[in-house]
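The values are calculated or read from the model by the stated rules, or taken from the named source; none is laboratory data. All figures in this text were calculated on a predicted structure; none of them were measured in a lab. In this analysis, Cβ positions are derived from the backbone assuming ideal geometry, glycine residues included, and neighbour counts consider all displayed protein chains.
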Amino acid sequence: MNKIKDFIFSEKKLAGAIFGVLAIAIFALVFGPNIYAQFARQTGDAGWGYGYGYGYGYGYGFDGGTIAGYRTGGDPDPSVYEYEYGYGNLAAGVTYNSESGQYELDASDMGDLITGGVAIPDGTDPSSTIELTFNDDVYATIGTSGITVEIPSGTTMTAGSAGDFTALAGLTLSNPTDLPSGYSNIGGTALQFGLPTLGLTISSPGLTIRIPVDGSYNGRTISIMHEAPGSSVWTELTTCTVSGGLCTFTTTQLSSFTTASTSSSGGGGGSAGGSSTNYCTSVTYTDWQGACVGSLQYRSVLSKTPSGCTLTSAQNNDANRSCAIVVTPSGEEVVVGTNNPDFSAFIALEKSLVKKINKVLANRLGGRILLQVEEKGEAWYVNPIDMLKYFLGRPADAFAIMRKLGLGISDKDYNVLAKSTAPARLSGRILLRVQAHGEAYYVNPLDHKLYYMGRPADAFALMRKFGLGITNVNLRQIGVGELK
């Protein structure tokens, strides 16, 4: 009888303990601070569902899984921010471009970035918040105007008082007629962006905005006019030099913008559309110049038809392309043009040329960046987890792939590693600081030190610094990996 009583008593205590744990967990999920989830899904069908993306596990982040979802795969620690499988929303109007590493959408769908976990409000209610932070790069088009806005990862928009950030949108306005004396609008439309009634401020480096203007202004400097929140007065914010029929500028100020010419900016003009402009019907270019200038390679116009015609925006764009310089082991600099419209055929070819896997070689080169010196210096990253090589392609591809293969770490761990060196188990890994907007670092297998990747150009700089030349025979003994 005593044994039965002891058993019943112990069962009651066990049940009580289980109930207590569940009650604490439920209370924490409902009322606890900063314990909710955030997951930015990048693959799968539109709507709520499962797929791969960046995020925290359930029970961590800013939301209870009803706005941004949560990670279900990967590290069991929910505080780890990583690229993995999870549940979340992918709005029909939002597309993740794996080549550029950006979320692309029309500005009218900006609110969907919050639902999708890409833009994080300060608090759990995006309809009444003071701050919004973007944890991924965003590329927004403004209707059919041709205006685009790029928002870099880490950008924070702050309001003077709580407002509804789900209404964040870009709008085209009618042609301003109240510009100051001496200024003439040449864009045809103006851009309004950033909830003017809230008077938003924005963190550096700011937004990159491109406004189309008539192609006859190419090479000329024009004015960017700005109307501040709550103001009805247009003032000159900055200037831009038109290239390819686009005026491109960066700003940390929001509200309304338009382009204008002054008497000092030269002639040209006409309204956007330029029906009176004599555009070229055909253009012949020279060969590409040997060197990269910045991240671009240029070529000149050899001839154009009809004589004296004006290049269209597309024809101007065809005169330059993205490029990178890689250094072979012999010290030779090789310029790699990176505007290949389709890498899939190249990757498929390399995959077909791998006849036998050399596991010893793959393990020895795990985490290294390899340069295909017998071709055109194409760069590959050998993932130390699956020992497959991933083609890095253009700067944006290199940046996106190396981030997707990254491992999330806390700031506490980062501070330890940054002061010394990483352990051997992290050799060649990409580390993502999940508490610092996912900043990426490469652990160089040669010295186990951390090197900041930063932006796409920084990822390509790593290739120049740490790339190892490899023959085709050896390269094709390592399997080819692809991110789906």
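In table form, for the structure just shown:
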quantity	calculated
Number of the condition not met by Leu431 [criteria: (1) part of a helix (DSSP H, G or I); (2) within 21 Å of Asp77 (Cβ to Cβ); (3) modelled with pLDDT of 80 or more]	(1)
Of the criteria (1) without any contact (Cβ under 8 Å) to a residue 40 or more places away in the chain; (2) under 17 Å from Leu200 (Cα atoms), which one Thr95 fails	(2)
All positions within region 384-428 that are assigned to a loop (DSSP other than H, G, I, E, B) and within 17 Å of Tyr81 (Cβ to Cβ)	Leu405, Gly406, Ser410
